[in-house]
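Peer 1: Below: one structure in structure tokens.
The values are calculated or read from the model by the stated rules, or taken from the named source; none is laboratory data. Because the structure is predicted, anything quoted here is derived from the model rather than measured. We place every Cβ from the backbone using ideal geometry, glycine too, and count neighbours over all the protein chains shown. Surface accessibility is based on the protein's heavy atoms, side chains included, excluding ligands, DNA and RNA. Shrake-Rupley method; radii C 1.70, N 1.55, O 1.52, S 1.80 Å.
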Amino acid sequence: MAERPELALQLAGCEAVLDAAGALWLPGARTLVVSDLHLEKASSLARRGMLLPPYDTGATLRRLESAVRARDPRSVICLGDSFHDRAGPERLAGEARARIAALQRGRDWVWVTGNHDPELPPAIGGETAATLVLGALTFRHEPCGGIRGEVAGHLHPAAKVARHGRSVRRRAFVSDGERLVLPAFGVLAGGLNVLDRAFAQVFRADAFLAFMLGERRLYPVAPHALAGD
Amino acid sequence: MNRPIHRTPPAETLLPPRFGGWFAARGWAPRPHQLALLEKAQRGLSSLLIAPTGAGKTLAGFLPSLVELSEEVRAPGAPVFGPHTLYVSPLKALAVDIARNLEQPVAEMALPVRLETRTGDTPLHKRQRQKLDPPDILLTTPEQVALLAASKDARRFFSRLSVVIFDELHSLVVSKRGDLLALDLARLRTLAPGLRTIGLSATVAEPDDLRAWLVAQSGPEGERNLSELVLVEGGARPDLAILASEAHIPWQGHSARYALPEIYRAIKAHRTTLLFVNTRWQAEMLFQELWTINEDALPIALHHGSLDRGQRRRVEAAMAAGSLRAVVATSTLDLGIDWGDVDLVVHVGAPKGASRLAQRIGRANHRMDEPSKGILVPANRFEVLECRAALDANYIGAQDTPPLRAGALDVLCQHILGMAVAEPFDAVALHREIVSAAPYRRLDWETFERAVDFVATGGYALRAYERFARIRRRKDGSWGITHPRIAQQYRLNVGTIVESPMLNVRLGRKGGAAGRGGRMLGQVEEYFVETLVKGDTFRFAGRTLRFEGIRDNEAFVSNAASEDPQIPSYAGGKFPLTTYLAAGVRRLLTEPESWRRLPPQVREWLEIQREKSRLPGADELMVETFPLRSRHYMVAFPFEGRLAHQTLGMLLTRRLERAGARPLGFVATDYALAVWALRDLGALFADGRPSLAALFDEDMLGDDLEAWLADSYLLKRTFRTCAVIAGLIERRHPGQEKTGRQVTVSTDLVYDVLRSHEPDHILLQATRADAATGLLDIARLGEMLSRVKGRIGHQRLSRVSPLSVPILLEIGREPVFGEAQEDMMADAAEDLLREAMGEAHFGDGADRVAGGGLG
């Protein structure tokens, strides 16, 4: 296991580290960025009769706790859709609430708002913002392209490689060196193929890389080597 | 078999004059089994009729109902409501066909009987009308029975029901569809006490399983209650032979190309030939090859489950009209529908089971007194052995239909919800009703309670969903649905057939999904398309196609320039070799005196094997090791079927990895398993590092299996099916767009979450039960490992043996397993590295990544 499950790159001139768990680490600002936690997704679907296992919030928080423990960040940015719906924070169990509070203790915490969670109750702690600028980087939920240094989520990028009649599909970061889209961090959040036309609005065709999350490392793959769904 | 023989009274006392006259007018006499069934029905008994095709099974099944209905006295002022007889068939087309055949006697005898079909294709207005004004005989499918039993007015609708007839029962009972039907039958018995059943079946290994299925059971222990049995001995013995070919029989492969000239000659020499194959890919290949040598332009058609429905119907109509000389078909033609004048059945490839072979050969010649004629065409040398074993089995009339397993838990969950949709249920009464169904007779109260809990709130230890419950206990203690929406969800998701999502295949132009309105060629499984990249070629619908891409749930393809497809297998519908035939093949190998019945070249192959290596003993597992081109191979010959071998391969490579043998991959066939490694496996085994006994120890089914299962895509696919059937996630319906990441819930992710938090959840229990017999065939692997314990023979060789050649030739054709997933991504990443070193066109950031970050 010589390879470290992370990969460093220059993002709009800033040093950025992608880690294989799907979080972005900015060493300069000691900032950890995660996107699309979709907390309380299972309970959201349960309201409509799909009784999915109610463990997704706990599992996602455990992943987040492990990322925070590994980096000990000064600040944490959640890039939107942190909750699967507006009522998510209310449904949050007391234990999960306490775990979030523990994570927030001693550091700055920003909830960037997303389309699933346009508003967050103050009780959930931290700051709320629609957009956040940090040096050369701009943090927002939905990428709009065009802006240099934009860091976003929303699209849940996933990439697929097919060889010899078999295929593998994984969550992935997408970047062209100027912009970055983070994969979803929530355990029950699905993925959208990076070859989908939604990504064409952010990246010039063929001028980006998908960084597929592997078990032991990240795999940068160019679009022409990727398969569609 | 020492049961008292009940003498059937003469026909005239059983048959009303109207019926006797009808038979006489047509110059027929009722057959003994038809009368026997009638007589038992008149005594109020349920019966199983086992008869070969052409024995007049259908008429026998309906005769008691027709007689009863013709004699029914309808008191004035007492309106009769609801069907008297329910007929259930596994195929929509069969129900329609039977209805047509039945209309004739009904009309000719002027019986006061109305009969109608009800299937998924029946228009809504007709279905609604049928509920208000039901026919006397309703011909339908298991899914429709479930919907009717779960309707609010089920109690009234079924109040008159006297008889349920199950056609092709042998094929129904082995699936989850049969489980659901058994549960609905239990409900029908509650709604209509005194209900009789009639099962119609082909010959099976264990008739008692079907007899028990047909009647109510009275407890988990002791003897099962059985229905009556009417057995019609098979007519003339089939005239069966293995194709004698002068050509070289190949070592491996499944195309049987070598035998084409002989097959073509056989087609020419007969009126109508049915050619059966095991997979859709084989059907495509054979069809194509036949047309390349079809100098006489004989009308030869293709029929398999993925073709466009319209095209299939045209083939069936042409067949019935007698205008085809040959049809190449997969299992879609195994059942039911009468084809008229088929006088030859050719089975290309090994039959995989003795009973399946008998049923397929029975498709030829529907008059039971004449022998059916069949030719077996083995596609390779191992298949010659298998065909020989099948022929011997057929000769002695051996049957190897699979044993019935306990009713599935996911089906149980679906049924419980259905019963709540019909009307609030009392849990104790429902449990009592359910255990009267044979597949569920051992269902204990605790498991049943867990199933109810699952239906209500998901059955999670963390009781988070009380307020979202789908069913809830009411004041009187009964369980009812909490919202009308739940009933609607149930109706949309009813049934146990979870097709893997299918994509339409549309023919367009090369280079893109150009234009809509290209011709529809049929449907393929989404997971197959997902492995394709643009430009890949494959065989489908009788042509070689180039994959262009996917748009709006359709796969676009163009005609490929080359005839040779790159993607070898579109393997829809593979059957594993039955244990019975596997034992037959093993026996054949150990009895050289029986080899004279094999073709000379196959005999020679076995003789050289005996000389260069040796042959496996009767109960022995033979393992050969040898070096070849800087790799070290191990080939084992368990003959347990491809699925069990694949599971074995996964587990062995894990163990070899731990032992430091550095395995690289493996490939599995129905007969053997080959593993290759960097280190000398022969030397390692000889030194006991590890010993073969330790390597093949049964304990691999413990921790190793658990660890592997955690990430097995096969198990995830099994889980998806269970989750849909049990109603955890909803079906995707045709035409329903895949609207992207928010709507579709990935069952893989749900599986991971559930597995790490509630490993004992009822759905995981259901998934494991399926895996034991299904895609992983763990049950069979376990039996094999315990059988060969202490009987593993190691043959160390300096070079490959004749018996090992076939499987080595499969490498590169069959999927090879190993650490493939990470490798594939590493591969793709390396492509990028090479490129980035050469020409830097990704801009600064990416360049740095490609050059630097990878370490």
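Peer 1: Using r as the Cβ-Cβ distance of B:ARG631 and B:GLU783, and R0 as 41 Å, what FRET efficiency do you calculate, to the nearest 0.05?
Peer 2: 0.85
Peer 1: Between B:GLU423 and B:ASP153, how many nm apart are label points set 7 Å from Cα along the C-beta direction?
Peer 2: Between B:GLU423 and B:ASP153, the simple spin-label model gives 1.4 nm.
Peer 1: Obtain the nm distance between the two label points defined at B:ARG467 and A:ALA207 by a simple spin-label model: each point lies 7 Å from its Cα along the Cα-to-C-beta direction.
Peer 2: Simple spin-label model gives 5.1 nm for this pair.
Peer 1: OK, next. State, as an integer percentage, the relative contact order of the stretch B:239-396 based on alpha-carbon contacts under 8 Å between residues 6 or more apart.
Peer 2: This gives 33 percent for the stretch B:239-396.
Peer 1: For A:ARG86 and A:ARG148, what is the calculated FRET efficiency with R₀ set at 25 Å and r taken between the beta-carbons, to the nearest 0.05?
Peer 2: 0.15
Peer 1: Determine the shape class of the stretch B:13-75: with a ≥ b ≥ c the square roots of the Cα gyration tensor eigenvalues, call it rounded for a/c under 1.5, and otherwise prolate if a/b is greater than b/c, oblate otherwise.
Peer 2: Taking the square roots of the gyration eigenvalues as a ≥ b ≥ c, the stretch B:13-75 is oblate.
Peer 1: Please average, across the residues of A:37-50, the number of beta carbons from any other chain that are within 10 Å of each residue's own beta carbon, and give a whole number.
Peer 2: The shielding value for this peptide is 4.
Peer 1: When the chain is fully extended, how far beyond the present Cα-Cα distance does B:ARG614 get from B:ASP687, taking 0.36 nm per residue of separation?
Peer 2: So the extension gain works out to 24.1 nm.
Peer 1: If you keep only loop residues by DSSP, which chymotrypsin sites (Phe, Trp or Tyr not before Pro) in the stretch B:75-167 have at most 16 other Cβ atoms within 10 Å of their Cβ?
Peer 2: Within the stretch B:75-167, the qualifying chymotrypsin sites (Phe, Trp or Tyr not before Pro) (loop, at most 16 other Cβ atoms within 10 Å) are B:PHE81.
Peer 1: State, to one decimal in nm, how far the label point of B:GLN128 lies from the label point of B:ALA24, with both points 7 Å from Cα in the Cβ direction.
Peer 2: Inter-label distance under the simple model: 4.9 nm.
Peer 1: Also, quick follow-up: Under 5 Å between amide hydrogens, which residues at least 5 positions from B:ASP308 or on another chain qualify, with H placed 1.01 Å from N in the peptide plane?
Peer 2: Sorted by chain and number, the residues that satisfy this are B:GLY522, B:GLN523.
Peer 1: Putting +1 on Lys and Arg Cβ atoms and -1 on Asp and Glu Cβ atoms, find which of B:PRO261, B:LEU684, B:ALA150 reaches farthest to the positive end of the dipole of the protein assembly as shown.
Peer 2: B:ALA150
Peer 1: Report the FRET efficiency, 1/(1 + (r/R0)^6), for B:GLN601 and A:GLU215, where r is their Cβ-Cβ distance and R0 is 60 Å, rounded to 0.05.
Peer 2: Efficiency, from the Cβ-Cβ distance: 0.80.
Peer 1: Helix A:94-104: angle to the longest alpha-carbon principal axis of chain A, degrees 0 to 90, nearest 10?
Peer 2: Tilt relative to chain A: about 60 degrees.
Peer 1: Another question about this same structure. Could you tell me whether the protein assembly as shown comes out rounded, prolate or oblate from its Cα gyration tensor? Rule is a ≥ b ≥ c as square roots of the eigenvalues, rounded for a/c under 1.5, then prolate if a/b exceeds b/c, otherwise oblate.
Peer 2: oblate
Peer 1: I'd like to check one number: the per residue accessible area of the protein assembly as shown, probe 1.4 Å, reported in Å² as a whole number.
Peer 2: 40
Peer 1: Let me make sure I get this right: for chain B, a, b and c are the square roots of the gyration tensor eigenvalues over alpha carbons, sorted descending. Under 1.5 in a/c it's rounded, otherwise prolate if a/b > b/c, else oblate. Which is it?
Peer 2: Prolate, because a/c is 1.5 or more and a/b exceeds b/c.
Peer 1: Using the alpha-carbon atoms, what tilt in degrees (0 to 90, nearest 10) does helix A:56-71 show relative to the longest principal axis of chain A?
Peer 2: Once rounded, the angle reads 70 degrees.
Peer 1: Which value, in square angstrom to the nearest 100, describes the accessible area buried between chains B and A on both sides, using a 1.4 angstrom probe?
Peer 2: 5300
Peer 1: What aspartates and glutamates sit close enough to B:LYS510 to cross-link, taking a C-alpha to C-alpha distance under 14 Å and skipping anything fewer than 8 places away on the same chain?
Peer 2: Cα-Cα hits under 14 Å: B:ASP536, B:GLU548.
Peer 1: Now for a separate question. How much length, in nm to one decimal, is gained on full extension between B:VAL805 and B:ARG587, taken as 0.36 nm per residue of separation minus their Cα-Cα distance?
Peer 2: The span from B:VAL805 to B:ARG587 would gain 76.4 nm if fully extended.
Peer 1: Next question, about the same structure. Hey, which of these cross-link pairs are over 22 Å Cα-Cα: B:LYS352/B:LYS373; A:LYS41/B:LYS475; A:LYS160/B:LYS534; B:LYS176/B:LYS716?
Peer 2: A:LYS41/B:LYS475
Peer 1: Would you kindly state how much longer the chain becomes between A:ARG62 and A:ALA129 on full extension, computed as 0.36 nm times their sequence separation minus their alpha carbon distance, in nm to one decimal?
Peer 2: Full-extension gain reported as 21.7 nm.
Peer 1: Let me ask something else. Within the stretch A:95-121, what residues put their amide N at less than 18 Å from the label point 7 Å along the Cα-to-Cβ vector of A:ARG47?
Peer 2: A:114-121, by backbone N distance to the label point.
Peer 1: May I pose another question? Would you mind telling me the antiparallel percentage of the DSSP bridges in the protein assembly as shown, rounded to 5?
Peer 2: 50
Peer 1: Moving to a separate point now. Please give every one of the aspartates and glutamates within straight-line cross-link reach of B:LYS268, meaning a C-alpha to C-alpha distance under 14 Å, and leave out same-chain neighbours fewer than 8 residues apart.
Peer 2: Of all the aspartates and glutamates, those that pass the test against B:LYS268 - Cα under 14 Å, at least 8 places apart if same chain - are B:GLU295, B:ASP296, B:ASP343.
Peer 1: Where does helix B:92-108 land angle-wise versus the long Cα axis of chain B, in degrees 0 to 90, nearest 10?
Peer 2: Between the helix axis and the principal axis of chain B, the angle is about 30 degrees.
Peer 1: Test of the criteria: in the stretch A:115-201, which trypsin sites (Lys or Arg not before Pro) are in a DSSP loop and have at most 15 other Cβ atoms within 10 angstrom of their Cβ?
Peer 2: A:ARG148
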